[in-house]
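Bear in mind these aren't lab numbers, they're just calculated from the coordinates by the rules spelled out. This structure is a prediction, so every number in the text was calculated from the model and none was measured. Neighbour counts run over all protein chains shown; Cβ positions are idealised from the backbone, glycine included.
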Amino acid sequence: MFRLIEERDRELYYAYADKFYNSDVVNAPVPKVNYELTFNEFMRSSDYVWCYIFECEGKPCGFAMLSKTFSQEAGGYSVTVEEIYIDEEYRNRGMGTQFFEYMKENIPAARYRIEVELENEKAKRLYERMGFEVLPYVQMVIDKHNKECKENSQL
């Protein structure tokens, strides 16, 4: 089951974000202040970002964070799966597949995107089974907030 995150899930979300960003599926952890900024945005509005809590047998077992932009290239909204994490004991039960099916059926978009580390072969296979294709270009970013956090932590 998937449900939208609620205020009562704040500490649960922080714990899941921490597990995700300290796992081997991401390049580097993010400052913990970002967890709070993100959660506050979940509570403020679902205009740009929202989060689903995964539940199995009535207990939390993971989460997914999605964001929305408009893409002229795609001709409409683009939904990006920013993060998806499932507790280890609930993996390989079809939860990821079920979530992607739920997303495509319930969150209309012209394009769905996801990032994956090149070494994460298992995730890449799942994403390809769900219809995602590898893009032939490199994304580039300027992470102003993360740069500022890193600089401040060195003071």
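At a threshold of 8 angstrom on Cα-Cα distance, excluding pairs fewer than six apart, so keeping six or more, what relative contact order does the chain reach in percent? List each step's numbers first, then the result.
Details: 165 pairs, mean separation 28.3, N = 155.
This gives 18 percent for the chain.
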Checklist outcome for this item: If the chain between residue 111 and residue 70 were fully extended at 0.36 nm per residue, the gain over the current Cα-Cα distance would be 13.8 nm
Checklist entry - Using r as the Cβ-Cβ distance of residue 3 and residue 142, and R0 as 35 Å, what FRET efficiency do you calculate, to the nearest 0.05? => result 0.55
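Translational diffusion coefficient of the chain at 10 °C, 1.306 mPa s, Stokes-Einstein with Kirkwood Rh over Cα pairs, in µm²/s as a whole number. Mind dumping the intermediate values first?
Details: Rh = 16.7 Å.
The diffusion coefficient I find is 95 µm²/s.
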Next on the checklist: 5 Å is the cut-off here: which amide hydrogens, built 1.01 Å from N in the peptide plane, fall below it relative to residue 77, excluding neighbours closer than 5 in sequence?
Outcome noted: 71, 110
Checklist entry - Using θ = phi - 60° and the Karplus curve 6.51 cos²θ - 1.76 cosθ + 1.60, what whole-Hz ³J(HN,Hα) does each residue of segment 110-125 get, with Gly and Pro shown as x? => result 7, 8, 10, 10, 7, 9, 8, 5, 4, 7, 8, 4, 4, 5, 4, 4
Checklist outcome for this item: Sorted by chain and number, the residues with a modelled amide H under 5 Å from that of residue 61, at a separation of 5 or more or across chains, are 54, 55, 56
Next on the checklist: Could you derive backbone 3J(HN,Hα) for segment 51-58 from the dihedral phi with the Karplus parameters 6.51, -1.76 and 1.60 (θ = phi - 60°), listing whole Hz in sequence and x where the residue is Gly or Pro?
Outcome noted: 9, 10, 9, 8, 10, 10, 6, x
Checklist outcome for this item: Once phi for every residue in segment 7-19 is put through the Karplus expression 6.51 cos²θ - 1.76 cosθ + 1.60 (θ = phi - 60°), the whole-Hz ³J(HN,Hα) values, with Gly and Pro written as x, are 3, 5, 8, 3, 5, 4, 4, 4, 5, 5, 4, 5, 4
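Nearest 20 debye, what's the magnitude of the dipole of segment 2-153 about its Cα centre given +1 on Lys and Arg Cβ and -1 on Asp and Glu Cβ? Walk me through the numbers on the way to the answer.
On the way: 20 positive and 28 negative charges, 48 e Å.
With only Lys, Arg, Asp and Glu charged at Cβ, the dipole is about 220 debye.
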Item to check | Selection from 27, 38, 132 lying farthest towards where the dipole of the chain points positive, charges on Cβ | outcome: 132
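Arrange 107, 114 by Cβ neighbour counts within 10 Å, fewest through most, would you? Don't skip to the answer; put the middle values down first.
Details: 107 14, 114 19.
Ranking 107, 114 by Cβ neighbours within 10 Å, fewest first, gives 107, 114.
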Next on the checklist: Pick from 85, 102, 14 the residue whose mean-square fluctuation is largest in a GNM of the chain, springs joining Cα atoms under 10 Å.
Outcome noted: 102
Checklist outcome for this item: Of segment 1-23, those with amide N under 19 Å from the point 7 Å along the Cα→Cβ vector of residue 102 are 1-17, 20
